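What follows is one structure encoded as C-alpha cells, with my remarks underneath.
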C-alpha cells in the first residue's frame, strides 16, 4: 500500500509539472506577426486584442519566429523611444513561452 501511495504521489507531481505550459509570470496571450510589408517594420507581437508590440529584444528570445505562432509574453513598455515602424508600442520582452 505504501508503494502504491508513493507511486501515485510521484505520478501526480510529474503530471502537474509537465502540464505547466506557461513559465512567464504576469503574461498575456499573443502571437508573432510579420509586418515586413510595412515600411521599416519586421516581426512584431500581436496581443489578443489585436494591439501590435514592437520588441527591441525579440532576437534574444526567438531567432526565427513563425507567422501566427501563439505565445505567452511578459514585457515592459519603453517610454520616450521611437523607431521607423511606428506601428505599435515599443517594448522590452522579459519572458516568452510557447502556448
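The values are calculated or read from the model by the stated rules, or taken from the named source; none is laboratory data. These numbers were taken from a predicted model, which means no experiment stands behind them. All Cβ positions, glycine included, derive from the backbone under ideal geometry; neighbour counts span all protein chains shown.
A single entry from 87, 74 fulfils the requirement of being surrounded by 12 or more Cβ atoms within 10 Å (Cβ to Cβ), in contact with a strand residue (DSSP E or B) (Cβ under 9 Å, 6 or more places away or on another chain) and at pLDDT 95 or above: 74.
Residues of segment 48-74 being under 13 Å from residue 28 (Cβ atoms) and without any contact (Cβ under 8 Å) to a residue 24 or more places away in the chain, which ones? Steps first, answer last, please.
The initial filter retains those residues of segment 48-74 that are under 13 Å from residue 28 (Cβ atoms), namely 48-51, 53, 70-74.
Listed by number, the residues that qualify are 48, 49, 50.
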